[in-house]
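Coordinate-derived values only; no laboratory data. Model, not experiment: these values are computed from the prediction. Don't worry about glycine lacking a Cβ; one is built from the backbone with ideal geometry, like all the others, and counts go over all protein chains shown.
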Amino acid sequence: MAAGNHILRMETLVGREASEVFDFFSNAQNLELITPPELGFKIVSPLPIMMNEGTLIDYRIRLFGIPFRWQTLISKWEPQRQFVDEQLKGPYAKWIHTHTFQPTEGGILMRDEVQYRLPLFPLGEIMLPVVRLQLKRIFTYRTSRIKELI
């Protein structure tokens, strides 16, 4: 892996059918429900959003109290199997989030893999320990909310 590139991986087992789990993620508005409230996450694109490959979504978010505009592209869309969102504009130098949905005996195993790069490399790396903690907290919150809502 190239210097400055980082990966976050998380897994969540949801005791539901693939169609139900994927339908939840097909509704972009649900992203607000699974994001910690202190991030002030808000979709600014007109609603409803039809999720497909090529869909652009604009958000507002606050990181460390600093407001950011964030735009993502749905670069891959395979219903009930996988989708990928990539940051086109936002706080990271790189952000590629792959969501996979694998049927298991206990339901659907959701896997998140985020490839990210902090801005202003190499200087930005000084913030890596704080960013890692924040991302772990965000994704832990997300996991608990997904289990509550689906």
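A simple spin-label model places pseudo-atoms 7 Å from Cα toward Cβ; at Leu133 and Met10 they are separated by 1.7 nm. Between the helical axis of 128-149 and the dominant principal axis of the chain, each derived from Cα atoms, what acute angle in degrees is found, rounded to the nearest 10? Computed tilt is about 20 degrees.
Pairwise alpha-carbon distances in segment 5-149 exceed 18 Å for 58% of all pairs. Of the residues Thr98, Pro122, Leu88, the one whose Cα sits farthest toward the positive end of the charge dipole of segment 5-149, with +1 on the Cβ of Lys and Arg and -1 on the Cβ of Asp and Glu, is Pro122. A straight chain from Ile43 to Asn30 at 0.36 nm per residue would run longer than the Cα-Cα distance by 3.7 nm.
So how many Lys-Lys pairs in the chain land under 19 Å Cα to Cα, not counting same-chain pairs under 8 apart? Can you show the working numbers first?
Details: Lys42/Lys89; Lys76/Lys89; Lys76/Lys94; Lys94/Lys136; Lys136/Lys147.
Total qualifying Lys-Lys pairs in the chain comes to 5.
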